[in-house]
1. Return the lysines within reach of LYS69: Cα separation strictly under 20 angstrom, same-chain partners fewer than 8 residues apart disregarded; answer none if there are no such residues.
2. Give LYS52/LYS185; LYS130/LYS198; LYS57/LYS185 a once-over and call out the pairs whose C-alpha atoms are over 31 Å from each other.
3. Answer rounded, prolate or oblate for the range 68-174, using the Cα gyration tensor with square roots of eigenvalues a ≥ b ≥ c: rounded when a/c is under 1.5, else prolate when a/b is larger than b/c, else oblate.
4. Could you work out how far apart the two model spin labels at HIS159 and VAL139 are, taking each label as a point 7 Å from the Cα in the direction of the beta carbon, and quote it in nm?
5. With +1 on the Cβ of every Lys and Arg and -1 on the Cβ of every Asp and Glu, and nothing else charged, how large is the dipole of the range 94-140 about its Cα centre, in debye rounded to the nearest 20?
Amino acid sequence: MLYIGFFVVLALSFYFILTLVIPGFGKKTIPPVSFITPFSFTTSEGKTMTEKDVAGKVYVAEYFFTTCKGICPKMNENMKTVYEKFKDNNNFLILSHTCDPENDSVAQMKRYADSLGVNTNRWVFLTGRKDSLYKMARVSYTIDDPANNLKSIDDDFLHTQFWALVDGNGDVRKVYDGLKQSEVKLLIRDVEKLLKEKE
């Protein structure tokens, strides 16, 4: 019994040490929903942003368009809550992609960003090629069904209230409904967890 007790204590001590030394050891992790593929879009400041610029960052990705009178104003009002919570954290970003690049030029995106009064180094507004933007939403972020993709990109239109949370490894960890307060609160808690993991 003495030997058994000794080895049980030894095993538990070893396990405890591993949990301290190896981040995430012993914790059940949910596999990523998807992962980020290479991209290149233009910010509201006229700069090119690629996946390399967000490497190591925790970020939330959404899609909207500046002239939207439907879900977008409410969605970005909720997103501003997220922005205010993390705006001083260098390891966090928000990427807002336009669904309407034909009308949402760099200048238009700049006007929209200015109207919100946010730091565009933290909350980044992106435009670019429509096919690239839509592929990113459907394949990488998985916030819209790829089956919605029409044969003609000119006839295609993406309009979704869903947000994707991306970790520092470029993995999409979860998708949230940006119109629901309960989901926004859950997102904030999950961002906090990811940022603590990073620290």
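No lab work stands behind these numbers, since they all come straight from the coordinates. Values in this document were obtained by computation on a predicted structure and should not be read as measured data. Ideal geometry is used to build each Cβ from the backbone, glycine not excepted, and the neighbour counts take in all protein chains shown.
1. LYS80, LYS110, LYS180
2. LYS130/LYS198
3. Here the range 68-174 falls in the oblate category.
4. Once both label points are built, they end up 2.6 nm from each other.
5. 160 debye
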